[in-house]
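Accompanying notes for the structure given below.
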Amino acid sequence: GAVVSQHPSWVICKSGTSVKIECRSLDFQATTMFWYRQFPKQSLMLMATSNEGSKATYEQGVEKDKFLINHASLTLSTLTVTSAHPEDSSFYICSAAGGNYGYTFGSGTRLTVV
Amino acid sequence: QKEVEQNSGPLSVPEGAIASLNCTYSDRGSQSFFWYRQYSGKSPELIMFIYSNGDKEDGRFTAQLNKASQYVSLLIRDSQPSDSATYLCASPKGTNSKLTFGKGITLSVRP
């Protein structure tokens, strides 16, 4: 199968601090990874697309200096929320492309900024 | 017109019934389609994907693709309360390209 491990599952941080979320493809090489954000009762919103070894492509309206994405290897991508504020509280989900099933989602990270 | 549309919903069916979820798309060049199920507070999980015209069956689920009419559907037979979730239809523009999602259909299966 295709498994994507995402952690942490949930995190609470203080306003102004940074939080790093990791996404790993465990049994396949993810040529491309996607990061989404989802607010309660709303649709998935794509934040950025990252390819291994190159800069991420951000969707319109997403601050690239605030949401730092690193895709250093074919199995690992990270999203760092810098200087987090309460409005950044959301459900962050990664997805990896390249496995046998097209696109596989991580289990998500619930971020709460207090 | 959005590239992938799911206009119907929410949908409520009794337990044991067939649930029919529909999705239309505007780009005739779209080659592949994915159906995801998302429970509240969880991330999407893949139910089925389909590339070819016709039907594809997997257990209680059947995906149907009609490229001439530009629609893709998901049938759930013998619906169970555990099938209650939001179902997302998605299609990429190319291999490993970003997925375009429909807004989702919320299915409720009544015991």
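The values are calculated or read from the model by the stated rules, or taken from the named source; none is laboratory data. Please read all numbers here as calculations on a predicted model, not as lab measurements. Every residue, glycine as well, gets a Cβ built from its backbone with ideal geometry; the counts of neighbours run over all protein chains shown.
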Of those in segment A:24-49 that are surrounded by 16 or more Cβ atoms within 10 Å (Cβ to Cβ) and more than 11 Å from every other protein chain (Cβ to nearest Cβ), the residue farthest from A:Ser107 (Cα to Cα) is A:Phe28
Reported set for segment A:103-112 where residues are assigned to a strand (DSSP E or B), surrounded by 21 or more Cβ atoms within 10 Å (Cβ to Cβ) and within 9 Å of chain B (Cβ to nearest Cβ) is A:Tyr103, A:Thr104, A:Phe105
- prompt: Is it fair to say B:Lys67 is more than 19 Å from B:Pro10 (Cα to Cα), in contact (Cβ under 8 Å) with a residue 40 or more places away in the chain and charged (D, E, K, R)?
  reply: no
From the option list A:Ser50, A:Ser54, single residue qualifying as modelled with pLDDT under 95 and in a strand (DSSP E or B) is A:Ser50
Picking from B:Ala68, B:Ala85, the residue that is buried (at least 21 other Cβ atoms within 10 Å of the Cβ) and either of a type outside the set (Lys, Arg) or modelled with pLDDT of 95 or more (or both) would be B:Ala85
All-but-one check, B:Gln31 against (1) surrounded by fewer than 17 Cβ atoms within 10 Å (Cβ to Cβ); (2) touching a Pro at 6+ places or on another chain (Cβ under 6 Å); (3) within 19 Å of A:Ser95 (Cβ to Cβ), failing number (2)
*Determine, yes or no, whether A:Ala97 is in contact (Cβ under 8 Å) with a residue 60 or more places away in the chain, on the phi < 0 side of the Ramachandran plot, surrounded by 21 or more Cβ atoms within 10 Å (Cβ to Cβ) and not in a strand (DSSP E or B).*
no
